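Following: one structure in structure tokens, then a few remarks.
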Amino acid sequence: MIKRLALFAQEIFEFFLPRLCLFCSEPAPVAAANAICPGCEAQVQPVVSPLCPCCGRVFGSREGADHLCGPCQTEPPPFDRALAAVIYEEEGPTGLAIKRLKYGRRFEYLPLLRAWLGAPACRELAAAADLVAPVPLHPRRLRERGFNQAVLLARSFPEAPFSRDALTRLRPTRPQTGLSPPERRDNVKGAFAVTRPALVDGRHVCLVDDVYTTGATVRECARALKKAGASAVTVLTVARVRYD
Ligand SMILES: [Zn+2]
Ligand SMILES: [Zn+2]
């Protein structure tokens, strides 16, 4: 009882402490449960049109309507649509939040990542799916890291049924970071399999991951899901690398 009271007192005490921005340590508004100051928030660029309605590529020009990008016209991806919430900036708040959570186990960044992923367009895409599934980690990598960030992010969508084991990673692939696009493709080729085809057969599956870089990983996941009978595969990521 005393321990509980002490905890309660501590919570009240912390409630009145000024919240500091997770990126620059400036005070963050109390209302910002996600602890980002207005200055750092301003550096976060949401994904907005014009973009490719298929792979989600954000075009450099701010003019014009959404249209299929060159690569999606010549070689359509195995997924139906990919969408990200924000632009990935390696040294900006988006890159730092993702890397600190993933490699530094800094879970205080999770609410912020979830808030970004909760953009209306992303929610809509998840809600339209029959199943929300995270991009899986290989069991060995999962043991090393202790958690799969894609699982934590995929749980942001209570409006859609969730399955953490719709897909499995058959072999431990090298991290994609630092690999060229063809190396990334080879690295994940045939790396995924559907564990329970009945779960995805005839269903619209929405895959969730942290970052979309070349899309090599989600393409392989989508291939496995389509092979198992998924009627549609969409991809949601918190962030997306900008290609101009
Ligand atoms: Zn800040
Ligand atoms: Zn495209």
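The values are calculated or read from the model by the stated rules, or taken from the named source; none is laboratory data. These numbers were taken from a predicted model, which means no experiment stands behind them. Quick reminder, even Gly has a Cβ in these numbers, built from the backbone with ideal geometry, and neighbours come from all protein chains shown.
Results, tabulated for the structure shown:
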quantity	calculated
Segment 49-70 residues that are under 21 Å from Pro120 (Cβ atoms) and away from ligand 1 (no atom under 16 Å from the Cβ), paired with ones that are basic (Lys, Arg) and in a loop (DSSP other than H, G, I, E, B) (beta carbon under 8 Å, 6 or more apart)	Pro50/Arg62; Leu51/Arg57; Val58/Arg242
Of residues in segment 32-65 being farther than 20 Å from Tyr88 by Cβ and of a type outside the set (A, V, I, L, M, F, W, C), the one farthest from ligand 2 (Cβ to nearest atom)	Pro38
Checking Arg185 against (1) basic (Lys, Arg); (2) closer than 22 Å to Cys72 by Cβ; (3) at pLDDT 95 or above, the condition it does not meet	(3)
Selection within segment 119-154 - surrounded by 15 or more Cβ atoms within 10 Å (Cβ to Cβ) and outside any helix (DSSP H, G or I)	Ala119, Ala129, Asp130, Leu131, Val132, Ala133, Pro134, Val135, Pro136, Leu137, His138, Asn148
Filter result for Ala126 (under 13 Å from the mean Cα position of the chain (by Cα) and within 16 Å of ligand 2 (Cβ to nearest atom))	no
Helices (runs of 4 or more DSSP H) completely within segment 1-76 that count 1 or more residues being at pLDDT 95 or above and out of contact with any Pro (no Cβ under 8 Å at 6 or more places or on another chain)	70-74
Sole residue being under 16 Å from the mean Cα position of the chain (by Cα) and of a type in the set (Lys, Arg), chosen from Arg140, Arg145, Arg155, Arg169	Arg155
Residue among Ala154, Ala129 that is touching a residue at least 60 places away in the same chain (Cβ under 8 Å) and touching a strand residue (DSSP E or B) at 6+ places or on another chain (Cβ under 9 Å)	Ala129
Residues within segment 77-87 that are crowded, with 21+ Cβ neighbours inside 10 Å, more than 16 Å from ligand 1 (Cβ to nearest atom) and part of a strand (DSSP E or B), tallied	4
Arg174 vs. criteria part of a helix (DSSP H, G or I), charged (D, E, K, R) and more than 18 Å from the chain's Cα centre (by Cα)	no
Filtered residue count, segment 76-89, keeping only those that are more than 10 Å from ligand 2 (Cβ to nearest atom) and more than 23 Å from Lys99 (Cα to Cα)	3
Subset of segment 191-223 (residues that are assigned to a loop (DSSP other than H, G, I, E, B) and at pLDDT below 95)	Ala191, Thr195, Arg196, Thr213, Thr214, Gly215
